[in-house]
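Q: Below you will find the structure I want to go over with you.
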Amino acid sequence: MLALVPAGAARADNPIIQTIYTADPAPLVYNGRVYLYTGHDEDNSTYFTMKDWRVWSSTDMVNWTDHGSPLSVATFSWAKSDAWAGQAINRNGKFYWYVPTTNRSTGRMAIGVAVSDSPTGPFKDALGHPLVENGEIDPTVFIDDNGQAYLYWGNPHLSYVKLNTDMISYTGSVTQIPLTTSGFGTRTGDANRPTLFEEGPWVYKRGNLYYIVFAAKCCSEFIAYSTAPSPTGPWTYRGTIMPTQGSSFTNHPGVIDYNGGSYFFYHNGALPGGGGYTRSVAVEKFTYNADGTIPTITMTTTGAPQIGTLDPYTRQEAETIAWESGVETEPSAEGGMNVSYIDNGDYIKVKGAAFGTTGATTFTTRAASGANGGKIELHLDSLTGTLIGTCTIPGTGGWQTYTTITCPVTNAKGTHDLYFKYTGASGSLFNLNWWQFTTGPTPTP
Ligand SMILES: [Ca+2]
Ligand SMILES: [Ca+2]
């Protein structure tokens, strides 16, 4: 029998975001990168009090870059509240993000569509009014091989429309998919909901098979799926993907293929303070069975394996994080995001930094401090692992007054997890925008 691995934070990589609570993952593969669109549970939330949506991205499934909040309820002039579960897709050189939110004038849930020229936004309201509205939620969008796009959504029903190629209008009427027990499984004890379909549909095609993955039963939910030979059915129930687990009574699927692997995104309540209204997005790698069916996937604290390594010799954003403790992020005056609220003892881990055989000679970071600064200790493999350098960050006269600091490093060879441990006096020490190592002979000044 295997010894139990202590569930220490330093070993964990799942949930994949720790700076805030996140929910309702919607991954999108674009241009060799995974963009992850999520909701955002407020700290100490006791309901689905959600005000904005968030974007993250990764090329290795373990180090995730924070792109902030390019879309919020306030983006939609007609919306009142509730930044709930959406999905984004690319077409026509643009990015369309479909989200449910409450229509101020009707008081009902409606689905809006936001558009951007970039996967990370900023997004603006494409229409100035809801795209569809029937009091239901959880849009999922899909473009078939023949170019026909579909928007599905629903709780308690399951509906779709055929989107036009502009992705912000549709032809024909809203069609309800018959929720039959052969199509969506059998629920007992709820006369109003005879099938397992609850909410959170995620529709895609793989091979010749169309999939609806969905949150099943309530509450607590599990994740189940159905398949069909066409995007409009007939659907056949295929069973459980992820059993009820993880101390959140909801769950929400997002499924992609990326770089030769298949990945299942979901959420749970696994972070400190986590629960049904303080959720966190996590991911597992899986392999389809030969007939296209999906194996049972269970939640782990290790998550997906890293694809390749992280290059420490190119600029890396400070807000690219595999795991952290104590820090937050915010929009940076220099563009993008920076890491903030860095206190003595806080740390960030990036996974699998490939220093190579020559090794690193310097570490450079872009830092600002409206206080007296502090130090960054650079450790390999753990918070107490080999110390390859210590960088002193001075006060710079402002929290967004950045300066570039370069420090010598030694003994940084091979591939290691890299820990940035922050030390100093009490209170916030400094903000960080990015970092980069150099290799080879010590550069001449
Ligand atoms: Ca802190
Ligand atoms: Ca940055």
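Q: Say each of Asp190 and Cys219 gets a label point 7 Å from the Cα, pointing the same way as Cα to Cβ; how far apart are those two points in nm?
A: 1.1
Q: Another question about this same structure. Please compute the Kirkwood hydrodynamic radius over the chain, one decimal place, Å, based on all pairs of different Cα atoms.
A: Final number for the Kirkwood radius of the chain is 22.9 Å.
Q: Check each of the trypsin sites (Lys or Arg not before Pro) in segment 89-197 and keep only those in coil by DSSP with at most 15 other C-beta atoms within 10 angstrom; list them in order. Could the numbers behind the result be given before it?
A: Working: sites: Arg91, Lys94, Arg104, Arg108, Lys124, Lys162, Arg187; in loops: Arg104, Arg108, Arg187.
Those that pass, being in a loop and sparsely packed, are Arg104, Arg108.
Q: Can I ask one more? What do you get for chymotrypsin sites (Phe, Trp or Tyr not before Pro) in segment 15-82 restricted to DSSP loop and a cutoff of at most 11 other Cβ within 10 Å of the site's Cβ?
A: On the way: sites: Tyr21, Tyr30, Tyr35, Tyr37, Tyr47, Phe48, Trp53, Trp56, Trp64, Phe76, Trp78; in loops: Tyr47, Phe48, Phe76, Trp78.
Of the chymotrypsin sites (Phe, Trp or Tyr not before Pro), the ones in loops of segment 15-82 whose Cβ has at most 11 other Cβ atoms within 10 Å are Tyr47.
Q: Setting aside same-chain residues fewer than 8 positions from Lys349, which lysines have a Cα under 26 Å from its Cα?
A: By straight Cα distance, Lys349 reaches Lys285, Lys375, Lys413, Lys421.
Q: Same structure again: Please tell me the relative contact order of segment 1-133 in percent, rounded to the nearest whole number, where contacts are Cα pairs under 8 Å and at least six residues apart. Write out the running numbers ahead of the final one.
A: On the way: 284 pairs, mean separation 22.6, N = 133.
Dividing the mean separation by the residue count of segment 1-133 yields 17 percent.
Q: Regarding segment 316-439, what whole-number volume in Å³ per residue does the convex hull of its Cα atoms give?
A: That works out to 84 Å³ per residue.
Q: Taking 7 Å along the Cα-to-C-beta vector as the label spot, tell me the Lys375-Asn411 distance in nanometres, rounded to one decimal.
A: Each label point is offset 7 Å from its Cα along the Cβ direction, giving 1.5 nm.
Q: Of all trypsin sites (Lys or Arg not before Pro) in segment 298-363, which ones are in loop regions per DSSP and have a Cβ with at most 10 other Cβ atoms within 10 Å?
A: none
Q: If you take every residue apart from Lys51 with its C-beta less than 13 Å away from the C-beta of Lys51, what net charge results, scoring Lys and Arg +1 and Asp and Glu -1?
A: Counting the neighbours of Lys51, the net charge comes to -3.
Q: Taking K and R as +1 and D and E as -1, what net charge do the other residues with C-beta under 15 Å from the C-beta of Val161 add up to?
A: -4
Q: Roughly how many Å² is the accessible area per residue of segment 316-439, as a whole number, for a 1.4 Å probe?
A: 37
Q: What does the charge count near Thr439 come to, summing +1 for each Lys or Arg and -1 for each Asp or Glu among other residues with Cβ under 12 Å from its Cβ? Walk me through the numbers before you get to the answer.
A: On the way: positive: Lys413; negative: Asp311.
Result for the neighbourhood of Thr439: 0.
Q: With each pseudo-label sitting 7 Å past Cα toward Cβ, what's the His129-Ser262 distance in nm, one decimal?
A: 4.2
Q: First check a/c for segment 21-286, with a ≥ b ≥ c the square roots of the eigenvalues of its C-alpha gyration tensor; if it is under 1.5, answer rounded, and if not, answer prolate when a/b is larger than b/c or oblate otherwise.
A: The shape class here is rounded.
Q: Using a 1.4 Å probe on the protein chains only, how many percent of the accessible area of segment 316-439 belongs to carbon and sulfur?
A: Accessible surface attributable to carbon and sulfur in segment 316-439 totals 50 percent.
Q: Could you state the accessible area per residue of segment 179-308 in Å², with a 1.4 Å probe and every protein chain left in place?
A: Accessible surface, normalised per residue, equals 38 Å².
The values are calculated or read from the model by the stated rules, or taken from the named source; none is laboratory data. Since the model is a prediction, treat every value here as computed from it, not as a measurement. Reconstructed Cβ throughout: ideal geometry from the backbone, glycine too, with neighbour counts over all protein chains shown. The area values use the complete protein model at the heavy-atom level, side chains included, leaving out ligands, DNA and RNA. Shrake-Rupley method; radii C 1.70, N 1.55, O 1.52, S 1.80 Å.
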